[in-house]
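Have a look at the structure below before the remarks.
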Amino acid sequence: MKLSKAIASLLAMILFATTVMPMAAGEPSVQQLHRDGRQLTLEISQEFEPAMQQNLADWVDFLADTLHQVYGYWPQQQWHVVINPTSGRTGDPIPWAQVKRDPVHTVEFYTVASASADELRRAWTGYHELAHLLIPYRGWGDAWFSEGLASYYQNVLQARAGLLSEQQMWQKLYEGYIRGVQQSQFNGIELHTVSDNMRSNGGFMRVYWSGAWYFLTADAQLRQQSGGRTTLDDAIKKLNQCCSRERLSVPQMVRKLDQLNGSDLFVPLYEKTRTTTETPDFLPVMQSMGVIVNEGRVQLLGNRQQASLRRQIIGRRTL
Ligand SMILES: [Zn+2]
């Protein structure tokens, strides 16, 4: 789910929901995109000007390529993207977006009618929403896990697409962590409880960035333990290959992940993360990858192996 930077509190969430409403939709233009025998159905509202419809189609084609790079194919045989206009605020070309998983995985975007192709490509929301499709999440429960995956991969995918440098990607991860730390009003309460009550009570930053820590930690450990031969991409690809048609709970997914990968990582890290009582410290795992922080700015250091493993994260790697 898209979470605009401005919506860090429940109050802002309510305000957002009442002020940003999609316009009435007419008959959309529909086109099909294909990669490797898989099909994306793209529906664009005809309320957009023709030139804007082309911008949006180009943007989705670009986004779909970044998703394609993770597994070397799209996570689902058939999926949909639906785009409608919204009277959003300036400065955010995609004020609202969400993923619906039934019956076909559908990403809904509400975009500002005047957004340029470049603004759309640079908006993190597109990468975030598509990253949700990487796992066969049933859509409810342990939202921190799904949002953490999307929050981690939104940065990784932008770096792989050439929109963020390696340093900028780590800076974004660090700044996300800081936003999680700064949202301290639920400190002392375990993450699973904060996550379950997020829609009514807030705590989005704590939830999203605790989840991102889970996936950064898992990715770093897989790479470090295997000398770079196994990555998070590889691990979740196996889950996709076995179970992409299923709708799994997070406990089911982490058990599958460990079974499929012969690891003892995803379940214990899940148990550890869901019971954290504040945003986990990103600095040790960043440091293990040779990333240190000096006065709020990340620096890429470390030895040759750390640098090599780190660079692999942003490489366009498929099995
Ligand atoms: Zn999300």
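Throughout, read-outs are computed from the coordinates displayed, never taken from laboratory work. What you see is a predicted model; the values in this text were computed from it and never measured. For neighbour counting, all protein chains shown are included, and Cβ atoms are generated from backbone atoms with ideal geometry for every residue, glycine included.
Could you give the dipole magnitude of the chain about its Cα centre, charging the beta-carbon of Lys and Arg +1 and that of Asp and Glu -1, in debye to the nearest 20?
The calculated dipole for the chain is roughly 780 debye.
With the crude spin-label approximation of a point 7 Å out along Cα→Cβ, what separation in nm comes out for E49 versus Q225?
My value for the distance between the label points is 5.4 nm.
With labels modelled as points extended 7 Å from the Cα through the Cβ direction, what inter-label distance (nm, one decimal) is found for Q182 paired with N303?
Placing both labels 7 Å along Cα→Cβ, they lie 3.6 nm apart.
Full-extension gain between R255 and D65, please, as 0.36 nm times their residue separation minus the C-alpha to C-alpha distance.
65.5 nm is the gain from fully extending R255 to D65.
For every helix of n ≥ 4 consecutive DSSP H residues, a contribution of -39,500 (n - 2.57) applies; sum these over the chain, divide by its total residues, and give [θ] at 222 nm rounded to the nearest 500 deg cm²/dmol.
-16000 deg cm²/dmol
Using Cα springs under 10 Å in a Gaussian network model of the chain, which residue among H128, H34, H80 shows the largest mean-square fluctuation?
Taking springs between Cα atoms under 10 Å, the residue moving most is H34.
At R0 = 22 Å, how high is the FRET efficiency between E271 and R245 if r is their beta carbon distance? Nearest 0.05 is fine.
Here the calculated transfer efficiency is 0.20.
Counting DSSP beta bridges with both partners in the chain, what percentage is antiparallel, nearest 5?
Here the share of antiparallel DSSP bridges comes out near 55 percent.
Among G37, G180, G203, which one moves the most in a GNM of the chain with springs linking Cα atoms closer than 10 Å?
Of G37, G180, G203, the Gaussian network model singles out G37 as fluctuating most.
Helix 250-261 versus the longest principal axis of the chain: what angle, 0 to 90°, nearest 10, using Cα atoms?
On a 0 to 90 degree scale, this one is about 60.
What relative contact order, as a whole-number percentage, does the chain give when Cα pairs under 8 Å and 6 or more residues apart are counted?
17 percent
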